[in-house]
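Colleague: Handing you this structure, nothing more for now.
What follows is calculated from the coordinates using simple rules that are stated; it is not laboratory data. None of the values given here were measured: they were computed from a predicted structure.
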């Protein structure tokens, strides 16, 4: 699974701490997600998408993300190498 959360946060000029505070979770939770160390439950995943999309709208960006776009289920090259 590939996670694009870190790149999206940079695009939105949003810190992991700010996202964590908005969601009521720890920064460590967001860091773990951004580093592909864990996968969120569905409720948290959709909450993250809602926050990111709201931030994009505030900034006048036309981009709207889905859960599938943030957490891509395709195997990355690193995942394939680790299985060898």
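Colleague: What are the extents of the Cα atoms of region 7-54 along their three principal axes, in Å, largest first?
Modeller: Ordered largest first, region 7-54 gives principal extents of 23, 19, 17 Å.
Colleague: Send over the per residue convex hull volume for the chain, Cα only, as a whole number of Å³.
Modeller: On the way: hull volume 7.5 nm³, N = 84.
Considering the Cα atoms of the chain, their hull volume per residue is 89 Å³.
Colleague: With the contact rule set at Cα under 8 Å and sequence spacing of 6 or more, what percent relative contact order holds for the chain?
Modeller: Numbers: 75 pairs, mean separation 35.1, N = 84.
Relative contact order of the chain: 42 percent.
Colleague: Once you have the Cα-Cα distance between residue 15 and residue 72, take 0.36 nm times their residue separation minus that, and quote the gain in nm to one decimal. Let's see the in-between values first.
Modeller: Working: separation 57, 0.36 × 57 = 20.52 nm, distance 2.13 nm.
Difference between extended and current length: 18.4 nm.
Colleague: Give me the number: length gained by fully extending residue 4 to residue 62, i.e. 0.36 nm times residue separation minus the C-alpha to C-alpha distance, one decimal in nm.
Modeller: On the way: separation 58, 0.36 × 58 = 20.88 nm, distance 1.77 nm.
Length gained between residue 4 and residue 62: 19.1 nm.
Colleague: While we're looking at this one, here's another question. Relative to the longest principal axis of the chain, what angle (0 to 90°, nearest 10) does the C-alpha long axis of helix 42-58 take?
Modeller: Its long axis makes an angle of about 50 degrees.
Colleague: Using 0.36 nm per residue, how much length does the chain from residue 26 to residue 38 gain when fully extended, once their Cα-Cα distance is taken away? Don't jump to the answer; show the numbers that get you there.
Modeller: On the way: separation 12, 0.36 × 12 = 4.32 nm, distance 1.36 nm.
Net length gain for the segment: 3.0 nm.
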